[in-house]
Amino acid sequence: MSQPRTAEQRPRVAGAREEEILEAAVTQLLEVGYDRLTMDRVADHAHASKATLYRRWSSKQSLIVDALTRSHHAAETIEPPDTGSLRSDLLALFGGAGGIAGKAATGIFGMVITALQTDPEFAAEFRQKFLAPKLEVQQRIYQQAADRGELAAGADPSLLGPALAGILLHRALALGEAITPDLVERVVDQIIVPAATGRPFTPQEHA
């Protein structure tokens, strides 16, 4: 009598089919939000069975984190920009529609912010797989700045790194303000770079 196959032995979703399911998950997340999103809904949108999803992802949490981490909506950056200055590196990383503070990435964060407080399993995976790589890129930018001698004595990259994203997300999610390249530039110039370098903002320096 044959034995039932374990999860490790099951055929795994891969390739283009996997990408279709992940994109369906992000699309539905943006449409209905995390709380209303179900594996059934993603399966229907991707024209797949729920069993197909469970062959690859053990839970809604693991599916959504995987989808967000690998989706083009997340604007994932693997290598930090190295433009020659902290200011221009931050503008390159955060600015524009493709930046990590772009409209799609901000919308995704807005959809999951409640789940970070109410779903410990999701929060742990999201912080490890989605946020941690982004924070690592930011820390590498500040390390580059330190290597160039840009940072003031006592500047703390662990505080400065998340600060820019925090300010931008507050303005977008709490105040309803669009994150534009101009907003990113103003926050960088008037708050982040002065705090990091210990020097006041001078427009002439960046003209």
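Scan the range 41-54 residue by residue and report those that are modelled with pLDDT of 95 or more and surrounded by fewer than 12 Cβ atoms within 10 Å (Cβ to Cβ).
Once the filter is applied, which keeps residues that are modelled with pLDDT of 95 or more and surrounded by fewer than 12 Cβ atoms within 10 Å (Cβ to Cβ), the range 41-54 yields nothing.
Quick one: which of 168, 175 is in contact with a helix residue (DSSP H, G or I) (Cβ under 7 Å, 6 or more places away or on another chain) and at pLDDT below 95?
Residue meeting the stated conditions: 168.
Select from the range 137-157 the residues that are in a helix (DSSP H, G or I), free of Cβ contacts under 8 Å to residues at least 60 places away in the same chain and surrounded by 12 or more Cβ atoms within 10 Å (Cβ to Cβ) and list them in ascending order.
Selection gives 138, 139, 142, 143, 146, 157.
Determine which member of the set 140, 199 is of a type in the set (D, E, K, R) and in contact with a Pro (Cβ under 6 Å, 6 or more places away or on another chain).
Working: 199 fails: in contact with a Pro (Cβ under 6 Å, 6 or more places away or on another chain).
Going through 140, 199 in turn, just one is of a type in the set (D, E, K, R) and in contact with a Pro (Cβ under 6 Å, 6 or more places away or on another chain): 140.
Given (1) at pLDDT below 90; (2) more than 21 Å from the chain's Cα centre (by Cα); (3) more than 13 Å from residue 57 (Cα to Cα), identify the lone condition not met by residue 30.
Checking residue 30 against (1) at pLDDT below 90; (2) more than 21 Å from the chain's Cα centre (by Cα); (3) more than 13 Å from residue 57 (Cα to Cα), the one that fails is (2).
So, in the range 55-85, of the ones that are among the β-branched types (Val, Ile, Thr) and either outside any loop (DSSP other than H, G, I, E, B) or closer than 23 Å to residue 124 by Cβ (or both), which residue ends up modelled with the lowest pLDDT?
Here the residue is 77.
The values are calculated or read from the model by the stated rules, or taken from the named source; none is laboratory data. Not measured: the values here are computed from a predicted model. Positions of Cβ are generated from backbone atoms using ideal geometry, with glycine treated the same way; all protein chains shown enter the neighbour counts.
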